[in-house]
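What follows is one structure encoded as structure tokens, with my remarks underneath.
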Amino acid sequence: MTATDYESTLTAEEQALLPSDDDVRHYAEHGWYLSGKVFTDDEVDALAAATQRYYDGERDRRLPVRPPKLAYWEQSLGPVQRHNDYVHHEHDGLGAILRKPLLGAVAARLAQADEIRVFQSTLIYKPPISGEPSNIVPWHFDKHYWASSSSEKMLTAFIPFHDCGEEMGTITMVDGSHRWKEIGADDTVVRHFADRDRSQLEEMLAENAAYNGAEIRKIPMVIPKGHVSFHHCRTYHGSGPNVSGRPRQAISLHLQDGDNAWREYPLSDGTLAAYNHDVLVRRTHDGRPDYADPEYCPVIWRHRAQQGG
């Protein structure tokens, strides 16, 4: 896939923001990529304004049922780090900006995919409380929670609403860790990091690095406003405290390539790995959860040959 494949829908200025061949090679080797200015200041400010309306209770629709592992901060939970899933579905103001074709085109280049769909969107607010324990996100990688997904190309776009550096507790990557062979994995890895002991996750990172003969190189993403950090679904990442005195606000937009589908992934207790989508999305002709359901997993980019299909 080359930049010319996108000419039908991207402006010349947007095409210039697509990852170069060197950028794609860097992503394949290191497992992360920092984009150019994908969103204008006005678009980022619109995200921030829509977020405030969302926190004030504005919704265009709500989930018909509550999935079993839904992250959904409410006022009663207090000044902890906030996570709210499915904001692209519940709020049109947020969803419209998150479906920007350029964002999908960048992801498609990195993943070497013809189609990019939303998988999940999580609105995040890290309060400016340096000692708040929920502000520390321990080392993990996203594919552990996506065991019911068939793809190994899935990736995440981290979109802050402001300049985001180390003092704000920015997202931090473990360089090249997506290429490690995994050791010591068991069924507990499908549990979200919030439900696991932080020291156990630190130990898992150290053990996997040692197994691969790899150095643990932690790369904090210093992200200017409007720029986006991308990481592979098997890249270990985490974040530290926010000591900036200002809230750290962002959306973590999880993305899937067009080939991704639900798969049967048995666990040791005889059950199957599941994702929140499984109780929401439509079913395929053979009864599987459809991770291409446009209601929850809208397409944000297709290769030109597939446009309009």
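Its convex hull of Cα atoms gives region 195-270 a direction-averaged projected area, equal to a quarter of the hull surface, of 8.7 nm². Peptide packing: for 263-275, 134-146, the average count of neighbouring Cβ atoms within 10 Å per residue gives the ranking 134-146, 263-275, highest mean first. Couplings 3J(HN,Hα) for region 138-146, derived from phi with the Karplus relation 6.51 cos²θ - 1.76 cosθ + 1.60 (θ = phi - 60°), are x, 5, 6, 10, 5, 4, 4, 8, 10 Hz, where x marks Gly and Pro. Its relative contact order, with pairs defined as Cα atoms under 8 Å and 6+ residues apart, puts region 1-100 at 22 percent. Rounded to the nearest Hz, the phi-derived 3J(HN,Hα) couplings of region 160-167 under the Karplus curve 6.51 cos²θ - 1.76 cosθ + 1.60 (θ = phi - 60°) are x, 9, 6, 4, 9, x, 4, 5, where x marks glycine and proline.
Over the chain, calculate the relative contact order: mean separation of alpha carbon pairs under 8 Å at least 6 apart, over the residue count, as a percent. Relative CO of the chain lands at 30 percent.
When the chain is described by a simple charge dipole with +1 on each Lys and Arg Cβ and -1 on each Asp and Glu Cβ, the residue from HIS227, TYR27, LEU255 located farthest towards its positive end is LEU255. Estimated at 0.36 nm per residue, the fully extended path between GLN15 and LEU272 surpasses their Cα-Cα distance by 88.3 nm.
Peptides 167-173, 65-71 ranked from most to least packed give 167-173, 65-71, packing being the mean of other C-beta atoms within 10 angstrom over each peptide's residues.
Plainly put, the chain has a radius of gyration that is 0.93 times its Kirkwood radius, both from alpha-carbon atoms, as the Rg/Rh ratio. Taken about its Cα centre, region 3-306 carries a charge dipole of roughly 360 debye when the Cβ of each Lys and Arg holds +1 and the Cβ of each Asp and Glu holds -1. Derived scalar couplings between HN and Hα for region 91-108 equal 10, 5, x, 6, x, 4, 6, 5, 8, 4, x, 4, 4, x, 5, 4, 4, 5 Hz in order, rounded to whole Hz, by the Karplus curve 6.51 cos²θ - 1.76 cosθ + 1.60 (θ = phi - 60°), x for Gly and Pro. Farthest towards the positive end of the charge dipole of the chain, among the residues LEU10, PRO64, HIS144, is the Cα of PRO64, using unit charges on the Cβ of Lys, Arg, Asp and Glu. Considering only PRO289, MET204, ALA113, and ranking their Cα positions along the charge dipole of the chain that arises from unit charges at the beta-carbon of Lys, Arg, Asp and Glu, the one farthest toward the positive end is PRO289.
Counting only lysines at least 8 places from LYS143 when in the same chain, those with an alpha carbon closer than 18 Å to its own are LYS69, LYS153, LYS181.
Going by average Cβ density within 10 Å per residue, which order do the peptides 79-91, 104-116, 206-218 take, highest to lowest?
104-116, 79-91, 206-218
Per residue, the chain reaches -6000 deg cm²/dmol at 222 nm when only DSSP H runs of four or more residues are counted, each adding -39500 (n - 2.57).
Read-outs: derived from the displayed coordinates by stated rules, not from any lab. Nothing here was measured: the structure is a model prediction, and the numbers come from that model. When we count neighbours, we look across all protein chains shown, and the Cβ atoms used for this are built from the backbone with ideal geometry, even at glycine.
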